[in-house]
Amino acid sequence: MSSKSDENTIEHKDRLNLNYWSITRRLTFLYTLSASGILVIATVSLYWVLINNLEKEDNQFIVNKIQVLRVILQERPDNLGALEEEVKWEGAALRFTKYYARVLDEGKHTLIETPGMGNIIPVSLFPAPSGVTENPKNGIKQRSRDGRTYLLMAAWAEVGHLNGKKQLLQAALDVSPENTLIAEYRRKLSFVLILGILCSAAAGFLVAKKGMQPLEEITETVQRITSTRLNERIGMMQWPRELVSLATAFDNMLERLEDSFIRLSQFSADLAHELRTPINNLMGEAEVALSRARTPEEYRQVLESSLEEYTRLSHMIDSLLFLARAESAEAKIERVLFDTLKEIESVREFHNVIAEEQGIEITCHGNGLLKADPILFRRAISNLLSNALQYTPQRGRITISVKQSSDDQSVEVSVSDTGSGIEPEHLARIFDRFYRDDRSRSQYPKGTGLGFAIVKSIMDMHGGTVVIQSEPNKGSTVTLRFPSAN
Amino acid sequence: MRILIIEDERKTAAYLRKGLTENGFVVDITNDGDEGLFFATTHEYDLIILDVMLPERDGWSIIAEIRRGGKQTPVLFLTARDSVHDRVRGLELGADDYLVKPFSFSELLARVRAILRRGPTRQPEILRIADMEINLLRHKAIRGGQHLDLTPKEFTLLSLLVQRAGEVLSRTMIAEQVWDMNFDSDTNVVDVAIRRLRRKADDPFEKKLIHTIRGVGYVLEER
């Protein structure tokens with residue numbers, strides 16, 4: 001239920017917020033938006049240039065006519081024939097456009113006009129005329145009685161030279177065909193515009209899709225990786241530069257995953273193996289004991305032996321729980337400032353019982369203050385000492401030294417022995433749980449193989465490190481490095 | 001001494017009853033929480049051993065109910081879950097001690113005795129068992145009139161065994177009490193220490209006092 005409503009919410013957000021869109025959708029949207037912008041600007045300016053040019057031409061045409069009439073009236077005021085020719089017949093001579101002209105006296109009485117003009121364009125329709133010496137202003141467009149649109153212009157003209165007489169000139173040009181043309185042009189232009197936007201959206205979608213292809217491929221590749229195929233890597237394939245770092249990062253993550261996965265399955269296998277031995281002993285002993293009647297003493301021996309196995313199992317569980325807790329987020333340690341050597345001394349005293357028995361000398365030197373969890377610290381030192389005692393022969397020596405770095409930033413505790421050392425091939429895995437070499441298994445069957453793992457996890461909890469150096473037949477040195485607690 | 005065990009795991013309950021009865025306690029058992037609460041509030045017990053995970057009603061709510069009813073019967077918690085949080089919660093609710101499964105019976109017995117012993121008891125300065133005499137104040141051990149030459153730790157170990165004479169002490173407990181090593185460790189230090197102590201305190205004498213309980217630990221007693 002709740003997941004469904006979640007989906008709904010997400011879908012709802014989807015529509016509103018660009019951030020929730022798929023990248024393809026986003027790219028297509030942005031691409032279309034910018035392409036449409038460019039298309040609209042281009043068409044609108046083309047349209048504007050065309051209209052402007054047409055109007056300019058029309059105006060120029062009428063201005064020209066008016067100039068001609070002005071010249072006729074000024075130069076040859078008495079040549080009525082020329083005037084008549086220009087006014088009456090010039091309009092009829094034009095084939096595609098209609099042109100009308102009219103000459104009026106100062107009292108606005110028509111002196112002469114193109115035939116039929118009076119019915120279509122009355123005198124009053126014209127704008128205010130420009131002065132005698134002025135260039136005619138741009139005309140105005142008016143719809144006339146015949147339903148056509150005319151560009152109208154009026155201007156005063158001088159009659160003869162410097163006699164103060166003037167007449168009014170009115171000229172009209174039919175611009176209806178042009179308007180039709182412009183309307184047609186506008187229609188076509190918007191059609192082209194819409195088509196262009198649609199095409200750019202489609203192209204944008206294809207481009208985005210194509211661009212996103214590597215991402216889809218990388219997703220597909222990643223989806224093929226399962227826990228059984230963790231060894232696959234995606235970095236060696238050809239990826240666009242932007243994805244190479246992603247692929248590399250992903251490969252690194254896989255590397256780590258594979259590593260911990262291998263460790264985990266190794267751990268499970270080891271755990272099963274470690275459990276098998278004591279449980280096998282328990283089952284076998286009990287079965288044999290029960291197979292016939294025994295004396296109480298024999299039963300007692302079986303029970304005692306079982307108890308030893310149980311103790312071993314219980315000890316193993318404790319150690320594993322300790323490790324699990326150390327790894328979990330709730331692992332919290334109580335740091336206390338203490339004298340390192342004093343704590344070491346008390347652990348040494350404990351193990352000294354065995355050391356004396358085996359004629360091994362344990363010496364401690366150096367000093368330093370450490371802020372750490374004292375119980376965990378003792379446990380780590382105790383594990384290291386116990387291990388060193390296992391592998392150090394009679395009359396050997398174990399040295400524990402404490403070194404505080406000069407800047408007080410860290411404390412190093414190292415435990416060295418003159419024991420049998422560890423073969424290099426085992427060193428790398430010595431801190432793994434249950435990891436034991438064959439010699440350890442045979443010489444020290446009671447151990448759990450968790451001692452070093454516990455040391456490592458104690459150091460992890462403190463944010464410190466543990467390093468082991470060893471030379472076969474010469475001895476080993478384990479160094480714990482505690483960082484400053486601040 | 002009457003002890004009530006509230007534990008749903010029947011095998012656990014059965015061996016606890018057996019072990020505790022054999023050690024001189026009177027034991028009642030119940031397998032579910034409601035019944036346990038009923039027993040705990042209507043009868044008088046010296047100690048309640050309480051499992052945390054129970055059907056019907058868990059250990060937390062049982063102890064809370066008992067304490068709300070004004071009873072201060074000591075409670076020892078048993079649990080399979082070992083987290084600091086649980087431990088703190090148990091103690092906050094008024095539990096007296098806390099044991100995590102798997103635990104050894106000797107450990108449980110020691111804790112039970114420790115809880116029941118609590119209170120103003122005065123340790124005598126001189127302890128005697130058989131022909132052995134321990135002077136806790138002067139740190140001296142004498143056996144058969146002879147002074148035993150012990151190291152300080154050996155003396156601590158011997159006096160622990162004598163103080164708890166007849167009680168089986170686990171290795172973990174000995175390590176904790178004598179060397180303050182309160183964590184599990186797979187060394188056999190305790191065995192070696194006992195061996196050395198025996199060499200001085202037991203071997204020269206005919207009557208042996210320190211006995212090994214195989215798989216459990218050590219006990220000092222006259223046999």
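The values are calculated or read from the model by the stated rules, or taken from the named source; none is laboratory data. Because the structure is predicted, anything quoted here is derived from the model rather than measured. With ideal geometry, Cβ positions are generated from the backbone for all residues, glycine too; neighbour counts draw on all protein chains shown. Please note that ligands, DNA and RNA were not included when accessible areas were found on the heavy atoms of the full protein model with its side chains. Shrake-Rupley method; radii C 1.70, N 1.55, O 1.52, S 1.80 Å.
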Tell me which of these residue A:44 doesn't satisfy, since it passes every other one: (1) modelled with pLDDT under 85; (2) more than 14 Å from residue A:167 (Cα to Cα); (3) loosely packed, with under 15 Cβ neighbours inside 10 Å. (1)
Pairs returned, first residue in region A:308-325 that is in a helix (DSSP H, G or I), second residue that is open to solvent by 30 Å² or more (accessible area, probe 1.4 Å), beta-carbon separation under 6 angstrom, 6 or more apart or interchain, are A:309/A:281; A:314/B:102; A:315/B:184; A:318/B:184; A:321/B:82; A:325/A:331
Scope region B:175-223; condition under 18 Å from residue A:311 (Cβ atoms), β-branched (Val, Ile, Thr) and touching a residue at least 40 places away in the same chain (Cβ under 8 Å); matching residues: B:213, B:216, B:219
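For residue B:79, are the conditions met, namely being exposed (fewer than 15 other Cβ atoms within 10 Å of the Cβ) and polar (S, T, N, Q)?
In short, no.
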Look at residue A:268 and say whether it is open to solvent by less than 80 Å² (accessible area, probe 1.4 Å), polar (S, T, N, Q) and modelled with pLDDT under 85. yes
Residues of region B:162-193 classified as open to solvent by less than 70 Å² (accessible area, probe 1.4 Å), farther than 20 Å from residue A:314 by Cβ and not charged (D, E, K, R), total: 7
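Quick one: is residue A:232 open to solvent by less than 80 Å² (accessible area, probe 1.4 Å) and without any contact (Cβ under 8 Å) to a residue 24 or more places away in the chain? Write out each step before concluding.
Numbers: open to solvent by less than 80 Å² (accessible area, probe 1.4 Å): yes; without any contact (Cβ under 8 Å) to a residue 24 or more places away in the chain: yes.
Judged against the criteria, residue A:232 is a match.
Could you list all residues from region A:341-379 that are in a helix (DSSP H, G or I), touching a residue at least 24 places away in the same chain (Cβ under 8 Å) and open to solvent by 40 Å² or more (accessible area, probe 1.4 Å)?
Once the filter is applied, which keeps residues that are in a helix (DSSP H, G or I), touching a residue at least 24 places away in the same chain (Cβ under 8 Å) and open to solvent by 40 Å² or more (accessible area, probe 1.4 Å), region A:341-379 yields A:341, A:348, A:358.
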Residue check: is residue A:76 open to solvent by 50 Å² or more (accessible area, probe 1.4 Å) and not polar (S, T, N, Q)? yes
In region B:77-111, residues that are in a loop (DSSP other than H, G, I, E, B) and within 28 Å of residue B:215 (Cα to Cα) total 9
Out of all the residues in region A:298-340, which are exposed (fewer than 15 other Cβ atoms within 10 Å of the Cβ), away from chain B (no Cβ under 11 Å) and among the aliphatic types (A, V, I, L, M)? A:329, A:336, A:337
Spans of helices (runs of 4 or more DSSP H) in region A:410-486 with at least 1 residues within 14 Å of chain B (Cβ to nearest Cβ) and modelled with pLDDT under 85: A:438-443
For residue A:345, state whether it is within 27 Å of residue B:196 (Cβ to Cβ) and more than 10 Å from chain B (Cβ to nearest Cβ). yes
Under 8 Å between Cβ atoms, which residue pairs at least 6 apart in sequence (or on different chains) link something in region A:380-402 that is more than 10 Å from every other protein chain (Cβ to nearest Cβ) and over 10 Å from residue A:417 (Cα atoms) with a partner that is among the hydroxyl-bearing types (Ser, Thr, Tyr) and assigned to a helix (DSSP H, G or I)? A:402/A:340
Do we have residue A:151 as closer than 30 Å to residue A:47 by Cα, in contact (Cβ under 8 Å) with a residue 12 or more places away in the chain and open to solvent by less than 60 Å² (accessible area, probe 1.4 Å) here? yes
Please work out if residue A:260 is more than 14 Å from chain B (Cβ to nearest Cβ) and under 30 Å from residue A:454 (Cα atoms). yes
Within region B:194-223, tally of residues that are open to solvent by 20 Å² or more (accessible area, probe 1.4 Å), facing chain A (nearest Cβ under 8 Å) and modelled with pLDDT under 90: 2
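Quick check: is even one residue across region A:370-382 among the hydroxyl-bearing types (Ser, Thr, Tyr), closer than 25 Å to residue A:318 by Cβ and at pLDDT 90 or above?
Looking only at region A:370-382, we keep the residues that are among the hydroxyl-bearing types (Ser, Thr, Tyr), and these are A:382.
So of that shortlist, the ones also closer than 25 Å to residue A:318 by Cβ come out as A:382.
Checking the rest, the ones that are also at pLDDT 90 or above come to A:382.
Within region A:370-382, one or more residues are among the hydroxyl-bearing types (Ser, Thr, Tyr), closer than 25 Å to residue A:318 by Cβ and at pLDDT 90 or above.
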Among the residues of region B:55-100, count how many are within 14 Å of another protein chain (Cβ to nearest Cβ) and without any contact (Cβ under 8 Å) to a residue 24 or more places away in the chain. 8
Is it the case, given these coordinates, that residue B:19 is on the phi > 0 side of the Ramachandran plot, assigned by TED's automatic domain parsing to the domain that holds residue B:105 and not in a strand (DSSP E or B)? no
Of everything in region A:81-128, what is touching a residue at least 12 places away in the same chain (Cβ under 8 Å), surrounded by 13 or more Cβ atoms within 10 Å (Cβ to Cβ) and of a type in the set (A, V, I, L, M)? Give them in sequence order. A:83, A:87, A:101, A:103, A:104, A:111, A:112, A:117, A:120, A:121, A:123, A:125
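Would you point out which residue out of B:41, B:21, B:73, B:79 is closer than 30 Å to residue A:325 by Cα and β-branched (Val, Ile, Thr)?
Values: B:41 fails: closer than 30 Å to residue A:325 by Cα; B:21 fails: closer than 30 Å to residue A:325 by Cα; B:73 fails: closer than 30 Å to residue A:325 by Cα.
One residue alone meets the criteria, B:79.
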Restricting to region B:102-161, name every residue that is open to solvent by 60 Å² or more (accessible area, probe 1.4 Å), more than 14 Å from chain A (Cβ to nearest Cβ) and either closer than 19 Å to residue B:179 by Cβ or in contact with a Cys (Cβ under 8 Å, 6 or more places away or on another chain) (or both). B:139
If a residue counts only when it is over 19 Å from the mean Cα position of the chain (by Cα), which helices (runs of 4 or more DSSP H) contained entirely in region B:120-223 have at least 2 such residues? B:152-163, B:189-201
